[in-house]
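Worksheet: one structure, shown below.
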Amino acid sequence: MKSLTKVLMFSFLLFLAGFTAVNEFVPEVETPKIEEETTLVNDVINQSSTVINYIDKGTMRASWYGPRFHGRMTANGETFDQEALTAAHRKLRFGTLLRLTNPENNRMVIVRINDRGPFIHGRHIDVSKAAAEELGMIQKGVTRLNVEQISLKGVNFPVISFN
């Protein structure tokens with residue numbers, strides 16, 4: 001069941017990533033010239049935009065947490081699930097989506113902020129056990145990750161709740 005949830009969530013995010021908005025404008029011209037048609041096509045192409053934007057947040061020192069906190073209440077009030085793709089950050093808003101990439105192996109995962117932490121000096125983000133497994137950082141425990149915030153075009157704050 002947990003695998004199905006991960007697959008559905010990943011499929012949904014891929015759907016959003018591939019979805020583009022194109023404004024179509026076709027003027028009413030009886031006999032258009034070739035130059036005018038080329039200009040109109042270029043205008044439509046230039047107006048195309050992706051629904052999802054990635055905002056670079058730099059590199060963060062990350063650790064992971066899981067078994068000791070599994071089943072406990074998170075700072076946003078939901079029950080912590082170590083098998084969910086979630087993370088803790090001291091300042092980012094709850095519901096913020098982040099794309100994390102491990103530069104050592106180029107593995108990537110999308111997580112949702114649902115907790116506060118880490119509370120250890122020098123660490124900036126705590127990821128769930130499932131996210132740590134996806135990133136290949138279980139054995140190492142602490143590593144540097146490239147962090148990008150996911151922004152949905154036309155939405156000021158992407159709040160997504162899967163619980």
*Pull up region 56-71, narrow it to residues that are modelled with pLDDT of 95 or more and surrounded by fewer than 13 Cβ atoms within 10 Å (Cβ to Cβ), then point me to the one that is farthest from residue 138 (Cα to Cα).*
56
_If residue 88 satisfies all but one of (1) in a strand (DSSP E or B); (2) of a type in the set (A, V, I, L, M, F, W, C); (3) at pLDDT below 95, what's the number of the condition it fails?_
(3)
*Answer with yes or no whether residue 108 is surrounded by fewer than 16 Cβ atoms within 10 Å (Cβ to Cβ), among the hydrophobic types (A, V, I, L, M, F, W, C) and modelled with pLDDT of 95 or more.*
yes
*Applying the selection to region 112-153, what residues are under 20 Å from residue 77 (Cα atoms) and not in a helix (DSSP H, G or I)?*
112, 113, 114, 115, 116, 117, 118, 119, 125, 126, 127, 128
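Count, please, the residues in region 103-128 that happen to be of a type outside the set (D, E, K, R) and within 13 Å of residue 63 (Cβ to Cβ).
10
Kindly indicate the residue of region 79-105 that is charged (D, E, K, R) and more than 15 Å from residue 146 (Cβ to Cβ) and also surrounded by the most Cβ atoms within 10 Å (Cβ to Cβ) among those meeting that condition. Walk me through how you get there before you give the answer.
Applying the first criterion (charged (D, E, K, R)) to region 79-105 yields 81, 83, 90-91, 93, 99, 104.
From what is left, the residues that are more than 15 Å from residue 146 (Cβ to Cβ) are 81, 83, 90-91, 93.
Working: 81: 21, 83: 16, 90: 12, 91: 8, 93: 11.
The qualifying residue surrounded by the most Cβ atoms within 10 Å (Cβ to Cβ) is 81.
The values are calculated or read from the model by the stated rules, or taken from the named source; none is laboratory data. Only a predicted model underlies this, so the values are computations on that prediction, with no experimental measurement involved. Counting neighbours? That spans all protein chains shown, and the Cβs are built from the backbone with ideal geometry, glycine included.
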